[in-house]
Structure formats: structure tokens, C-alpha cells
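Taking it in order: structure first as C-alpha cells, then the write-up.
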Protein chains: 2
Amino acid sequence: MHAPTIEKLIEQFEKLPGIGRKSAERIAFHVLQMPKKYADDMCEAIAEAKEKVVFCDCCQNLTDRSPCTICADDARDASVICVVETPKDVAAMEKMREYKGLYHVLHGALSPMDGIGPDELKIAPLLKRLSDDTVREVIMATNPTVQGEATAMYLCKLLKPLGVKVTRIAHGIPVGGDLEYADEVTLLRAMEGRREM
Amino acid sequence: MHAPTIEKLIEQFEKLPGIGRKSAERIAFHVLQMPKKYADDMCEAIAEAKEKVVFCDCCQNLTDRSPCTICADDARDASVICVVETPKDVAAMEKMREYKGLYHVLHGALSPMDGIGPDELKIAPLLKRLSDDTVREVIMATNPTVQGEATAMYLCKLLKPLGVKVTRIAHGIPVGGDLEYADEVTLLRAMEGRREM
């Protein structure tokens with residue numbers, strides 16, 4: 001339908017997450033019609049990111065220098081590690097501006113069906129971080145999905161024998177949410193997690 | 001929040017049409033975690049497209065060779081030109097597999113509010129195509145928006161004195177659509193365009 005060069009461009013954009021055929025076409029024609037400098041900037045940003053961005057040696061987050069700014073920050077509490085699935089989760093937690101501990105990014109969750117076992121996750125570097133006695137608490141902030149829960153359980157069993165406190169973030173009715181529209185599992189969690197006022 | 005290199009990448013994706021902050025983040029992390037070869041392919045496709053894709057000398061469509069495959073195709077009926085707003089419209093028409101005439105891409109529609117007058121559209125090359133007597137009919141297939149209608153009217157007035165037949169594609173209830181949910185303007189057009197059965 002389109003010229004081969006344009007078709008190739010559309011196919012590249014179609015591979016991106018959340019981008020279907022129509023969006024890919026729209027993006028491709030946008031790229032074709034924008035100033036060349038902008039396209040160059042885009043390619044440069046991609047190339048630079050692919051070249052410079054590495055895993056932080058410590059927390060395994062994506063960063064442009066290792067250790068990352070969070071791990072290198074002496075003001076943060078090195079005795080607490082919050083375990084998350086993805087780098088995006090770190091960004092979400094940081095937006096809260098309350099948590100002062102460190103992170104550990106697993107880069108996924110256990111999912112035997114997809115062939116993701118413990119060896120596919122960044123679990124070994126986490127164990128290494130617990131080898132001295134600095135860390136007192138590990139907070140499991142994996143997603144409340146089957147995979148996220150299984151990962152939290154697995155890690156809990158692995159870490160408890162090391163003498164570290166393992167906690168799980170609370171699940172319940174989101175603030176501003178409506179009880180009426182909460183699903184049963186969320187409601188069950190909210191009840192289980194109730195606290196004295 | 002993110003490392004500067006990652007932030008820069010997110011900003012580049014955020015500039016694309018239909019991509020908000022969240023989607024841009026998702027795409028950026030996808031790009032960071034995909035094989036380097038894939039990122040290289042993507043940059044190459046962008047660079048190649050920006051370098052090779054030009055306007056067809058004849059129909060002004062985006063193409064990687066001029067004249068484009070449609071204009072160069074002797075099997076097509078050179079006596080009919082279908083005028084559309086964008087290259088995507090050509091692709092949509094071609095999907096129909098019925099139209100055997102040629103196209104002319106205006107690259108926009110008249111919109112005085114946005115500073116788009118006749119000089120900003122590819123109207124001069126269209127007039128040039130009508131200078132000999134090959135073309136008998138010009139079909140206006142601009143969008144049924146205020147801008148598209150104004151453009152069709154403007155071109156109609158410009159072309160009729162040249163002795164060419166100017167037609168407008170039909171507007172009405174889309175096939176598979178529901179009368180109940182059609183807006184008044186569409187319904188009005190459907191009534192106006194009624195034909196004897």
C-alpha cells in the first residue's frame with residue numbers, strides 16, 4: 001500500500017508496546033513530515049540511551065551511571081530495601097517523595113508459564129546485598145498479581161532465614177476509590193489489613 | 001525522576017502524536033530493554049525514510065521514487081484525479097481496490113484560523129496537471145469537516161472554469177452503522193444524497 005521505505009518505518013513503530021497499525025501509521029507520517037533535525041535528535045536519543053544506560057551494579061535499576069543516584073546518595077537509609085518489578089515502579093515510588101530507603105529492581109516477576117524462573121530475575125544481586133548486616137528490612141512491593149504475589153512469597157522464604165525482616169506493602173481500597181466498585185479480592189485484602197483507629 | 005539519558009528519550013517519544021507521558025515511558029523502557037540491533041534498525045528506518053522519501057512530482061504523495069508507483073502505472077485511468085488531504089487518505093482509498101484513477105494530495109485543508117491558506121496547500125501542482133486535456137473528472141475526497149468542505153468548495157470554483165467535471169464523494173450513514181446513532185448532519189447528508197432504488 002505505502003512505499004516500501006514508509007512501510008518499513010511503520011513496521012518499526014508497530015513493534016513498540018501499545019502501538020497498533022493505525023498509531024504506527026500516524027507516527028510514521030508525523031516523522032516523515034517533521035523537520036529533519038527532530039528525527040536526528042530522536043535517533044540520537046535512542047542511540048545514546050542504548051549506549052549509556054546500564055544496570056546499576058547495586059540495585060539493578062536502569063541508570064546512566066553505576067551506582068545510580070539513589071544508591072550513591074548517602075542521605076538515604078541503606079538499612080531498608082524496597083523490592084520492585086520494574087524501573088517504572090522505582091519512578092512511581094520516588095514520585096511519592098516519602099520513601100528514603102533504597103530499591104532493588106527484579107526486572108520481572110516469577111512466571112513459570114512464560115519460562116521466567118528465579119534465574120531470570122535479578123535475585124542473586126539482591127542476596128549479595130544482604131550478605132553483610134546493613135539491611136534490616138526488605139519491603140516487597142511487587143505487583144498484586146498472581147506473578148507478583150508468587151515472587152514476593154518466594155523471596156520471603158529465601159530471605160527470612162538470613163535474619164532480615166520481610167514486609168509486604170498494603171493492598172486495599174485505593175484512596176479516592178469507591179467501596180461499591182472495588183472487586184472482591186481488593187475488598188478481602190482491605191478487610192484483612194484493617195487496623196485499629 | 002529518571003536518569004537524564006532516559007528522561008531525554010522519554011521526551012522524544014512524548015512529542016509523537018497520540019503518545020502521552022505514560023506511553024512515552026513505556027516505549028522508552030521497552031527500547032532500553034530490547035536488543036541493540038532492534039534499536040539500530042529503528043534509527044536506520046527513520047534515517048532512511050527521512051532521506052529517501054520525497055513528494056511525487058506529479059500527485060505530491062509521499063513516495064520513495066518520483067513519479068510514484070501509482071502515477072507511473074500505465075494501467076490506471078489518467079483521466080480521473082481524486083483529491084485527498086493526506087497520504088494516509090491515499091492508502092485508505094487504495095485499500096478499497098476499486099478506484100483505478102490517479103490521486104492528488106493537498107497535504108492539508110484550508111484553515112484560515114491556523115494560517116493555512118491556498119498557498120500552503122499543493123494546489124499549484126494540481127492546476128498544472130489540468131493544463132492539458134487528459135483529465136476529465138476531479139473527485140473531491142477531502143474530509144467532511146468544515147476545513148475539508150471549504151477546501152472542496154474552493155477547489156471546485158477554481159477548477160470548473162477549466163472545463164473539468166468536479167464531483168464530491170457521498171456522505172451518509174456508514175455501512176453497518178445505526179440510523180439511531182447517526183448525528184443530524186450525517187442524516188441530513190444521507191437524505192440529501194438519496195437515490196432512486
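The values are calculated or read from the model by the stated rules, or taken from the named source; none is laboratory data. In this text, all values refer to a predicted model and were calculated from it rather than measured experimentally. Note: ideal-geometry Cβ built from the backbone for every residue, glycine included; neighbour counts use all protein chains shown. Ligands, DNA and RNA are stripped out before the accessible areas are found, and what is left, the full protein with its side chains, is counted by its heavy atoms. Shrake-Rupley method; radii C 1.70, N 1.55, O 1.52, S 1.80 Å.
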First in segment B:110-137 and surrounded by fewer than 17 Cβ atoms within 10 Å (Cβ to Cβ), second anywhere and assigned to a helix (DSSP H, G or I) and of a type in the set (S, T, Y), Cβ under 7 Å, 6 or more apart: B:P118/B:Y154
Selection within segment B:73-94 - in contact (Cβ under 8 Å) with a residue 60 or more places away in the chain and in contact with a strand residue (DSSP E or B) (Cβ under 7 Å, 6 or more places away or on another chain): B:V83
Test: B:K22 is of a type in the set (K, R) and in the same structural domain as B:C156 (by TED's automatic domain parsing): no
Elements of type helices (runs of 4 or more DSSP H) in segment A:1-109, at least 1 residues being surrounded by 18 or more Cβ atoms within 10 Å (Cβ to Cβ) and either aromatic (F, W, Y) or at the interface with chain B (Cβ under 9 Å from one of its Cβ atoms) (or both): A:4-14, A:21-33, A:36-52, A:87-95
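Conditions tested, residue by residue: (1) over 23 Å from the mean Cα position of the chain (by Cα); (2) more than 30 Å from B:D133 (Cα to Cα).
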{"position": "B:K22", "(1), (2)": "yes, yes"}
{"position": "B:R26", "(1), (2)": "yes, yes"}
{"position": "B:Q33", "(1), (2)": "yes, yes"}
{"position": "B:Y38", "(1), (2)": "yes, yes"}
{"position": "B:E44", "(1), (2)": "yes, yes"}
{"position": "B:E48", "(1), (2)": "no, yes"}
{"position": "B:C59", "(1), (2)": "no, no"}
{"position": "B:R65", "(1), (2)": "no, no"}
{"position": "B:A78", "(1), (2)": "no, no"}
Exclusive hit being open to solvent by 70 Å² or more (accessible area, probe 1.4 Å) and assigned to a helix (DSSP H, G or I), set B:M197, B:M191: B:M191
Unique match (being within 13 Å of the chain's Cα centre (by Cα) and among the hydroxyl-bearing types (S, T, Y)) among B:T86, B:T145: B:T86
